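One structure is given below, encoded as structure tokens.
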Amino acid sequence: MTLKRKLLSKTYVCDVKKRLHQPEEGGRDSDSDRGRDRGSDRDSDRGSDKDRGRDRDRGRDRGSDKNREGDRDIDSDKNREGDRDRAEGTNQAPSCSQYFPSKADNGARLRSDFFNQPCVDLAKALLGKVLVRRHSDGTELRGRVVETEAYLGGEDKASHSAGGKRTERNAAMFMKPGTIYVYPIYGIYLCMNISSQGEGAAVLLRSLEPLQGQDVMRRLRAAKRKEGAKTVKDRELCNGPSKLCQSLDVQRCFDRRDLASDADMWLEVDTQWVTPGESDVVSAHRIGIESHGEWATKPLRFYLRGHRCVSVVDRAAESRQQEVNMSRETKMERKT
């Protein structure tokens, strides 16, 4: 019995040892599986990270594309806006600022050097020139100067600057040649003058021949006349200093503005018109200054002989002028 128990005990111990040393079924496999699972998890995480990285890259690419497209759109918008600005710039009406010359200057405009001459010379030189008045809507009114009066400054008793008198009202007469001087008469009418060389000297624009915009001139004149008055004829639209201011809508705001650079009013040379000669210009006494003694009879009014738009024709002055012209021609014939 004792031997048998010993054998049984040894067998039991061997079985126990075998069981202790033999790994459990699927143990390592499970561990390796878990390792593989963890590896696959890491791989999947890395894959996810890669996917997320690719997504981010694609997002950045899409963002870059959008930015590039946005930049292109902005550039296109800027280009379109620039094109529109350039197009509008070419079609815009000229600036109405009094400090800048007209953008539509065609080269015939009279500049400062033209006005920088003695008063009598300027009064004669203005005959035949074209006065242009541009309205804010781009409408241009034109009239040819056919009659002027010279006011010589301090020595001229009929001048607003007689005796060198300088006031707020007549300040434009003392400014650079070509300055516009607008003043009221009778409290309701206006007259337009242009300063010349000489202290306080200026030329009054007395009559114009309407050339362009007669219908507009007629409406402007009608607005100042009584209701039911007769329609104004073309030759009567501007045949007087106040009439021409009404017809061209010359206002007090033009006072002291430079006719050589103003954007709303200027003088031009009509290249298609023959400049009047000395024999075509009549020198006569000025109008409306009868109370100024000898200065009332001085021949300081100048107009184009035979022109239908002259305000007052002086037949006696024309006869005298004709005699002078004939005498001059006779002398020239004798010399030849």
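Cβ contacts < 6 Å: first residue closer than 15 Å to VAL250 by Cα and in contact (Cβ under 8 Å) with a residue 24 or more places away in the chain, restricted to the stretch 131-159; second residue assigned to a strand (DSSP E or B) and of a type in the set (Ser, Thr, Tyr), any location; separation 6+ or different chain. Result? Pairs found: none. The set of residues in the stretch 163-206 being touching an Asp or Glu at 6+ places or on another chain (Cβ under 9 Å), among the hydrophobic types (A, V, I, L, M, F, W, C) and not in a strand (DSSP E or B) consists of ALA171, ALA172, MET173, PHE174, MET175, ALA201. Look at GLU329 and say whether it is out of contact with any strand residue (DSSP E or B) (no Cβ under 9 Å at 6 or more places or on another chain) and crowded, with 16+ Cβ neighbours inside 10 Å. So GLU329 fails the test.
Collect the residues in the stretch 240-298 that are of a type in the set (S, T, N, Q) and part of a loop (DSSP other than H, G, I, E, B), keeping them in residue-number order. I'd like the intermediate steps shown before the answer.
Taking the stretch 240-298 and keeping what is of a type in the set (S, T, N, Q), we get 242, 246-247, 251, 261, 271-272, 275, 279, 283, 291, 297.
Within the stretch 240-298, GLN251, SER261, THR271, GLN272, THR275, SER291, THR297 meet the criteria.
Filter the stretch 114-141 down to residues that are assigned to a strand (DSSP E or B) and not hydrophobic (A, V, I, L, M, F, W, C) and give me whichever is surrounded by the most Cβ atoms within 10 Å (Cβ to Cβ). Before the answer, list the steps.
Residues of the stretch 114-141 that are assigned to a strand (DSSP E or B), as a first pass: 130-134, 140-141.
Remaining after also requiring not hydrophobic (A, V, I, L, M, F, W, C): 133-134, 140.
Values: ARG133: 23, ARG134: 20, GLU140: 12.
Ranking the candidates gives ARG133 first.
Residue count for the stretch 247-299 under the criterion of being hydrophobic (A, V, I, L, M, F, W, C), under 21 Å from ARG320 (Cα atoms) and touching a residue at least 40 places away in the same chain (Cβ under 8 Å): the result is 4. Comparison of ASP314, ASP280, ASP264 shows that the only residue that is at pLDDT below 95 and touching a strand residue (DSSP E or B) at 6+ places or on another chain (Cβ under 7 Å) is ASP280.
The values are calculated or read from the model by the stated rules, or taken from the named source; none is laboratory data. This structure is a prediction, so every number in the text was calculated from the model and none was measured. Heads up, the Cβs are rebuilt from the backbone with ideal geometry, glycines too, and the neighbour counts pull from every protein chain shown.
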